[in-house]
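This report concerns only the one structure given below.
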Amino acid sequence: MKKSELKELNFTELNEKLRENLESLQNYKFQLSMQQLEDFTVISKTKKEIAQIKTVMNEHKYGIRKVEDV
């Protein structure tokens with residue numbers, strides 16, 4: 001998901017997306033430990049997206065972004 005798309009989401013949607021990405025990251029790490037993960041770049045991509053989501057959520061929290069739905 002692009003950063004501009006993340007900025008259009010409200011706080012509830014961001015929280016749901018964060019939860020989904022954290023679950024995905026956990027699954028990828030498990031697959032990596034079981035040597036079943038074919039594309040290792042998905043872990044770093046997921047971590048990057050988690051960081052972007054948290055950044056946008058903090059922008060909502062500190063009033064940098066307008067909060068539509070809290």
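The values are calculated or read from the model by the stated rules, or taken from the named source; none is laboratory data. No experiment lies behind these values; they were computed from the predicted model shown. Cβ coordinates were reconstructed from backbone atoms using ideal geometry, including for glycine residues, and neighbour counts include every protein chain displayed. The protein model used for the area step is the full one, side chains on, heavy atoms only, and it has no ligands, DNA or RNA in it. Shrake-Rupley method; radii C 1.70, N 1.55, O 1.52, S 1.80 Å.
Filtered by the rule that a residue be basic (Lys, Arg) and at pLDDT below 90, region 1-33 gives LYS2, LYS3, LYS7.
Look at region 46-70: where a residue is modelled with pLDDT of 95 or more and of a type outside the set (S, T, N, Q) and a partner is open to solvent by 40 Å² or more (accessible area, probe 1.4 Å) and assigned to a loop (DSSP other than H, G, I, E, B), sitting 6+ places away or on another chain with Cβ atoms under 7 Å, you get GLU49/MET1.
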